[in-house]
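Here, each number is a calculation from the coordinates, and none is a lab measurement. These figures come from a predicted structure and were not determined experimentally. Here the Cβ is made from the backbone with ideal geometry for all residues, glycine too, and neighbour counts use every protein chain on show.
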C-alpha cells in the first residue's frame, strides 16, 4: 500500500522531474524591480571592487589549514559502497518494482544533490564515483598517459546526459536509464583502460568534471597528501587547469540550464509554437542556446582584450577567464533546481526502505509521503534571487582579480566593462526565467 | 522611437530607462579612471623608492 501511495505521489509530480518546480506569477514586487535592483547591486559591487581591489589576491590558489577538517573527513570513504549500490540500482531497475529509484538516483541524487552538497562540503563525487571504485577494485592503473582531447569527451558526454534529461521523452524510465548506465560504463571503462583511471575520468566523466568544477567554490578541498582540509571559499577556482574544452564545458553548464528555463517558459512557446515539442527542434535549441551564451562570452573577452589595449590571444584569454563563469553556472543550477531537491528529494526517505520498489520496508519509512507545502513561493523566490545575485557578484570579483593579472593595471577595470554588461544581462535573464 | 516618446507617459518612461543607463555608464567610467589613477600612483611610488 505504501508503495502505491508513494508511486502515486511521484506519478502526479512527474512533470517536475524534468523541469523543476514551475514559475510563479505572484512575486512580492514586479519583476522589473528585482532585475533593476540586481543590476544596481552588480554595478555597485563592480565599482567597489574596481577601486578598492588593486592587486590580485586570489591567484595563488588555496592555502590549506591543517587545523580545520572538512565535515566530510574520513567518513567520505563510506560513500564508496553507496555509489556502487546506486549504480547497481540503476542497472537492475527495469527488472524490479516501480522504477522510481533509478530516476531518483540519476536525476535528483547524482545530478543535483551531490553537486549542490559539493559546493559547500567539497568534492563528494570522487568518493561516491562507482566507476572509480570498481576500477580500483579491478586494480586498474591511476595514470597511464595523457591524451590530446582535454575535456572535450566530457563536454560530449555532458550534452548527451542533458539531452537524455531534457529532450528524450523516456529519460526518466528505468529501462532507458539502465541502457544509458551500461553505455556510459562502457564509455568510462574504455577511457580508463586506455589512459588510466584518473586521466580517463578527468577527461570523459561528466560528473567528475562537473562536480570538480563547482566544488572548487567550496572552502574544503583535498590536499596533496589526501586529507580534506579547509582552504577558503572560491580559492581553488583560480587554479583549475585550463584544459582544452574547459571553456566549452563551463558555457554548457550555463547554456543547458538556460535552455531548460527558456524551454519551459510561455514566451518560448509563443515564439516557436508547436515546434518546441519536436525532438529535432529541442536538440537544435539546446545546442543553439549554449552557442549563443558562448558567443556572448567570447564577445566579452574580445572586448576586454580591446579595451585593455593588449594583444593577447582570444583563445588563451577566454580559457584564462572561464573559471569566473563557474559561480554563475552553479548559481543558475541551484536556483533552478533546489526546489526539486527539497521537494522530490524527500522521496529518498521512502527509497532507502524500499530501493527496488517491491514492497520492502527496511527502516519503516517506505510509506513516507512527500510534503509539497512546506516551501512558500515567496521564500523560494528570495532564495533564488540571493543565489543568482551572489553567484554573479562572485563572478565579477573573480573576473576582476584575473584581469589584474592578464591586463595592465591601468586598464584592468576598463577591460571588464563588457563582461559586467554580460553578467547583468545573465542576471536579468536568470531572474526572468525563474519568475516566468 | 517617435511612437515611444509620443504616447502618454512616454517621456517619463524613457527617462526611467535612460537615467539609470547614463548613471551606470558614468559609474563605470569613474571606476575605471579612479582605478587607473591608483595604479599609476602605485607605479610612480614604486619607481621612486
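Structure values in brief
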quantity: Rg/Rh ratio calculated on Cα atoms of region A:112-162 (Kirkwood radius); calculated: 1.03
quantity: Efficiency of FRET from Cβ geometry, residue A:88 and residue A:48, R₀ 56 Å, rounded to 0.05; calculated: 0.60
quantity: Relative contact order of chain A, pairs being alpha-carbon contacts under 8 Å that are 6 or more residues apart, as %; calculated: 27 percent
quantity: Whole-number D in µm²/s for chain A (Stokes-Einstein; Kirkwood sum over Cα pairs; 20 °C, 1.002 mPa s); calculated: 94 µm²/s
quantity: Computed [θ] at 222 nm, helices only, for chain A once each DSSP H run of length n ≥ 4 contributes -39500 (n - 2.57); calculated: -20000 deg cm²/dmol
quantity: Exposure proxy order (Cβ contacts within 10 Å, fewest to most) of A:352, A:167; calculated: A:352, A:167
quantity: Hull-based mean projected area of region A:225-292, where the convex hull spans the alpha carbons, in square nanometres; calculated: 7.3 nm²
quantity: Label zone at residue A:55 (point 7 Å along Cα-to-Cβ), backbone N below 14 Å, region B:9-40; calculated: B:39
quantity: Cβ-derived FRET efficiency at R0 45 Å, residue A:265 paired with residue B:34, nearest 0.05; calculated: 0.65
quantity: Fewest-first ranking of A:297, A:230, using other Cβ atoms within 10 Å as the exposure measure; calculated: A:230, A:297
quantity: Spherically averaged projected area in nm², based on the convex hull that wraps the Cα atoms of region A:326-378; calculated: 5.0 nm²
quantity: For region A:253-376, alpha-carbon Rg relative to the globular expectation (2.2 N^0.38 Å, N residues); calculated: 1.56
quantity: Degrees between helix A:279-308 axis and first principal axis of chain A (Cα, 0 to 90, nearest 10); calculated: 30 degrees
quantity: A:78, A:149 arranged by Cβ crowding within 10 Å, fewest neighbours leading; calculated: A:78, A:149
quantity: Rounded D (µm²/s) - region A:271-311, Kirkwood Rh over Cα pairs, Stokes-Einstein at 10 °C, 1.306 mPa s; calculated: 130 µm²/s
quantity: Spin-label pair residue A:374/residue B:45, simplified geometry with 7 Å Cα→Cβ offset, distance in nm; calculated: 5.4 nm
quantity: Principal axes of region A:315-434: Cα extent on each, largest first, Å; calculated: 67, 31, 17
quantity: Debye log10 I(q)/I(0) for region A:203-320, one point scatterer per Cα, at q = 0.09, 0.14, 0.18 Å⁻¹; calculated: -0.37, -0.79, -1.03
quantity: Calculated over region A:42-188: convex hull of Cα atoms, volume per residue (Å³); calculated: 208 Å³
quantity: Kirkwood Rh (inverse of mean 1/r, distinct Cα pairs), region A:137-229, angstrom; calculated: 14.8 Å
quantity: Compactness relative to 2.2 N^0.38 Å, alpha carbon Rg of region A:381-436; calculated: 1.30
